[in-house]
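Colleague: Dropping a structure here in structure tokens format, bear with me for questions.
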Amino acid sequence: MRSWLGQGNASRRATPVRVARIAILLGLASVLVAAPLLGEGRTVRSKATVIPIDGDIDDIMLGSIERRIDDAKAAGATQLIFEMDTHGGAVVSALEICRLIMRQQDDGIHTVAWINDKAYSAGALISVSCDEIWMGSASSIGDCAPIMLGATELGETERAKAESPILQMFRECATRNGYDQLLCRAMVQVGTEVWWIEQVNPPEGQEPERRFVSGEEKTQLIDDVTDESAREWKLVEQDALPQPIDGKDTLLTMSASDAVSLGFARGTAAKLSDLADQLGLTVMPSVSTITGWERFVMWLSSPVVRGVFFLIMIVGGYIEFQHPGLILPGSVALVAAVIFFGAPYAAGLADIWTILLFILGLILLGVEIFVIPGFGICGILGIVFLVIALIGSFVPAEPLPDDGSWLPRLPTLQDTWDRIKVAIIVLSSSVIASVVGLILLAKYLPSLPGARALSLGNPEQVTLPPRIPAAETALVGDIGVVVGDLKPAGRARFGNEVVDVVTQGQYVDAGVKVQVIRREGMNIFVRPLPEEA
């Protein structure tokens, strides 16, 4: 007993020391446990970078975002804030940006979408791909009409195929980041009716559960329950949010207050400093902007600028064709063509097939003019290929259907049809402007100072009489003299008359005798004669 009591007394004497030791250990443990949490809330998130996304969503923007993300991560950023101010853009580019953002999340990077002004269409999709959404004081999100199917006469199967890549990405992002899927679908699909309901009698001490339901679910849970005492659900009553939240004939668009009230956004932030406080950042985030070169390429890809370059292509090419050997007009037209196709290729609008089709169209037209003169299948195909290529350079690629088929098919997205309309308007306007420009050049250019230096030196051309109708001279078998180099088109003198002629592809120097071998309409085809003829 003494031994036991002695041990007991010793234990009691040691108790204060043990308690102190335990307290110290618990304190250290709490610090160690709290350190990562504090780091997650403060230290980790204090290294943030803002990446503005303003303007059209295309492959140039995709490349710019990818570059800026890499730069931010190299600088040690662990949080990326995407400042949204866009009407949307190309669907395929938006899908790639969403995948890019989700890959950052997989690497432990926290992502935030800050709707500083607007995030429509593809911008809404990109915002939903982020971990959380914050709204500017007067911002809005939704209205994905540009990526909606425009052909209302399509059946449900065709409609589902066309929309499936977009809806699938919305579903994946909503599930991954905790956004309500019905609200996301209502931003994309017309016909999705959304109601906001809550429990009538929640458990004691708990807030009533709230959720979003379709029109059918609302009818089943509320309208069909005639006994009010047995009704478990009712509509949420908020003056600022009339029911339904979204009707069957509209696309959901949420203001800043709507998005916060519906739980779609975490809160509002009028400026970057407010957002930094809301996110608990200890250091103001840096801002990674689009470079001047990227904005320059975006400017070159704009429809109006491309229309100007197309006009230059037409005028330069026509002048070079009419006056072979000037070089300058042809060179300018070639540079304009490179920019016309190069800028949209960088932006993801023009695919390689577009450029190849344009080159093939030029080749076919060249064959028709210089090898097999006339207007046959080569000329028709050449014009068709050129028109398709020119219009196609304005149109981004559509997402592949579920079956993965890559075969050509008619466009199914409204955004594609809208861009086709823009292409037709721009190209038609450029053609009209080029015709007017050529008429003005022909009338006023010769009288301008220095204009003579731009023309080929050919004194004979100045004193030659005007050519006469082809039906009155240069019959088959007649022999004439070339008065200007045929490359392969040019002019030849037959007696006292000068007419336009063309060879079968040969280049003939001035002064060489030629013979008419055939006539097709207004075209006179000649061949060079040996010197002794």
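Colleague: All but one of (1) under 29 Å from Ala113 (Cβ atoms); (2) buried (at least 19 other Cβ atoms within 10 Å of the Cβ); (3) in contact (Cβ under 8 Å) with a residue 24 or more places away in the chain hold for Trp233, so report the exception by its number.
Modeller: (1)
Colleague: With the requirement that a residue be touching a residue at least 12 places away in the same chain (Cβ under 8 Å) and either farther than 24 Å from Glu216 by Cβ or among the aromatic types (Phe, Trp, Tyr) (or both), what does the range 236-260 give you?
Modeller: If the condition is that a residue be touching a residue at least 12 places away in the same chain (Cβ under 8 Å) and either farther than 24 Å from Glu216 by Cβ or among the aromatic types (Phe, Trp, Tyr) (or both), then Ala240, Ser255, Ala256, Ser257, Ala259, Val260 are the ones that fit.
Colleague: Listed residues Val225, Val236; which is closer than 15 Å to Trp196 by Cα and among the aliphatic types (A, V, I, L, M)?
Modeller: Selected residue: Val236, the only one of Val225, Val236 that is closer than 15 Å to Trp196 by Cα and among the aliphatic types (A, V, I, L, M).
Colleague: Confirm whether Val304 is outside the structural domain of Thr111 (by TED's automatic domain parsing) and without any contact (Cβ under 8 Å) to a residue 24 or more places away in the chain.
Modeller: Considered against the rule, which asks whether it is outside the structural domain of Thr111 (by TED's automatic domain parsing) and without any contact (Cβ under 8 Å) to a residue 24 or more places away in the chain, Val304 comes out as no.
Here's the yes/no breakdown for (1) in the same structural domain as Leu125 (by TED's automatic domain parsing); (2) at pLDDT 90 or above; (3) touching a strand residue (DSSP E or B) at 6+ places or on another chain (Cβ under 7 Å); (4) surrounded by 15 or more Cβ atoms within 10 Å (Cβ to Cβ):
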{"position": "Gly205", "(1), (2), (3), (4)": "no, no, no, no"}
{"position": "Phe212", "(1), (2), (3), (4)": "no, yes, yes, yes"}
{"position": "Thr219", "(1), (2), (3), (4)": "no, yes, no, no"}
{"position": "Ser229", "(1), (2), (3), (4)": "no, no, no, no"}
{"position": "Gly263", "(1), (2), (3), (4)": "yes, yes, no, no"}
{"position": "Arg266", "(1), (2), (3), (4)": "yes, yes, yes, yes"}
{"position": "Ala270", "(1), (2), (3), (4)": "yes, yes, no, no"}
{"position": "Leu275", "(1), (2), (3), (4)": "yes, yes, yes, yes"}
{"position": "Gly280", "(1), (2), (3), (4)": "yes, yes, no, no"}
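Colleague: Evaluate the following for Leu221: is it among the hydrophobic types (A, V, I, L, M, F, W, C) and in a helix (DSSP H, G or I)?
Modeller: When the stated conditions are applied, Leu221 passes them.
Colleague: Quick one: which of Ile327, Ile312 is of a type in the set (A, V, I, L, M) and buried (at least 20 other Cβ atoms within 10 Å of the Cβ)?
Modeller: Of the residues listed, the single one that is of a type in the set (A, V, I, L, M) and buried (at least 20 other Cβ atoms within 10 Å of the Cβ) is Ile312.
Colleague: Let me ask you something else. In this structure, does Ala259 turn out to be of a type outside the set (D, E, K, R) and part of a loop (DSSP other than H, G, I, E, B)?
Modeller: Spelling it out, it is not the case that Ala259 is of a type outside the set (D, E, K, R) and part of a loop (DSSP other than H, G, I, E, B).
Colleague: Follow-up. Scanning the range 162-189 for residues that are small (Gly, Ala, Ser) and part of a helix (DSSP H, G or I), which turns out modelled with the lowest pLDDT?
Modeller: Among those residues, the one meeting the criterion is Ala162.
Colleague: In this structure, does Asp258 turn out to be modelled with pLDDT under 90 and either within 41 Å of the chain's Cα centre (by Cα) or over 23 Å from Met169 (Cα atoms) (or both)?
Modeller: Considered against the rule, which asks whether it is modelled with pLDDT under 90 and either within 41 Å of the chain's Cα centre (by Cα) or over 23 Å from Met169 (Cα atoms) (or both), Asp258 comes out as no.
Colleague: Another question, if that's okay. Residues in the range 117-129 that are more than 9 Å from Met84 (Cβ to Cβ), over 14 Å from the mean Cα position of the chain (by Cα) and not hydroxyl-bearing (Ser, Thr, Tyr): how many?
Modeller: So the count comes out to 1.
Colleague: Are there any helices (runs of 4 or more DSSP H) wholly within the range 289-389 with 1 or more residues that are more than 32 Å from the chain's Cα centre (by Cα) and not hydroxyl-bearing (Ser, Thr, Tyr), and if so which?
Modeller: Because the criterion is at least 1 residues that are more than 32 Å from the chain's Cα centre (by Cα) and not hydroxyl-bearing (Ser, Thr, Tyr), the helices (runs of 4 or more DSSP H) in the range 289-389 that meet it are 303-322, 328-347, 352-366.
The values are calculated or read from the model by the stated rules, or taken from the named source; none is laboratory data. Since the structure is predicted, the reported quantities are computational estimates derived from the model, not experimental observations. Cβ sites come from the backbone with ideal geometry, for glycine too, and all protein chains shown count toward neighbours.
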